[in-house]
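Presented below is the structure to which this report refers.
The values are calculated or read from the model by the stated rules, or taken from the named source; none is laboratory data. Quick caveat: nothing in here was measured; it's all calculated off a predicted structure. Glycine also receives a Cβ, built like all others from the backbone with ideal geometry; neighbour counts cover every protein chain displayed.
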């Protein structure tokens with residue numbers, strides 16, 4: 001008797017959420033982030049409560065992000081193929097939105113991931129992509145490969161060094177933490193209004209952005 005092959009797990013891609021109103025793909029925070037990153041705490045990481053399901057509406061989020069991580073580790077080609085199919089098969093109505101966010105949770109786990117992400121963004125010029133990352137070195141090393149339709153925001157956090165050359169190359173996203181004021185935040189930084197669908201500032205221009213801790 002021939003056994004049936006088990007169906008393959010699919011990459012979980014969110015079509016939207018209440019804050020961003022934008023399709024996105026995520027990985028688990030912590031394990032995919034810069035090692036020993038000080039922001040990965042219940043008080044510091046907004047994705048923490050989503051990943052660990054500390055609110056009922058997030059109870060399935062951690063499982064989805066873990067599944068994406070397993071798929072990427074097992075078969076990076078398949079992981080990016082799934083995202084490519086999603087981006088190229090959008091309906092006409094959805095395509096008009098033209099926005100995709102990389103990593104509501106997590107970050108680029110390795111340098112090969114960064115290169116694949118850059119390639120995929122270049123392959124989908126009808127989509128405006130954005131990513132917030134603390135993988136400064138990898139994006140700096142490959143800054144010439146960043147396509148025009150990808151907005152790379154390097155995330156500043158109190159106590160984490162953000163190299164000057166990286167600041168010159170990319171847009172900056174600074175955290176406003178009343179308990180730990182960061183004197184590096186430029187005076188010209190624009191404050192995030194907290195509603196992506198009504199703003200899209202991080203997809204549309206060259207602004208330096210600051211955001212209150214949430």
Residue 17, sole failed condition from (1) at pLDDT below 90; (2) surrounded by 15 or more Cβ atoms within 10 Å (Cβ to Cβ); (3) assigned to a helix (DSSP H, G or I): (3)
Odd one out for residue 143, checked against (1) loosely packed, with under 14 Cβ neighbours inside 10 Å; (2) farther than 20 Å from residue 32 by Cα; (3) modelled with pLDDT of 90 or more: (1)
Hey, residue 102 over 24 Å from residue 145 (Cα atoms), out of contact with any helix residue (DSSP H, G or I) (no Cβ under 6 Å at 6 or more places or on another chain) and at pLDDT 90 or above or not: no
Counted residues, segment 186-204 - those being surrounded by 12 or more Cβ atoms within 10 Å (Cβ to Cβ) and without any contact (Cβ under 8 Å) to a residue 12 or more places away in the chain: 2
Residue check for residue 161: closer than 22 Å to residue 51 by Cβ and surrounded by fewer than 20 Cβ atoms within 10 Å (Cβ to Cβ): no
Restricting segment 195-211 to residues that are part of a loop (DSSP other than H, G, I, E, B) and in contact with a strand residue (DSSP E or B) (Cβ under 8 Å, 6 or more places away or on another chain), the residue that is nearest to residue 38 (Cα to Cα): 208
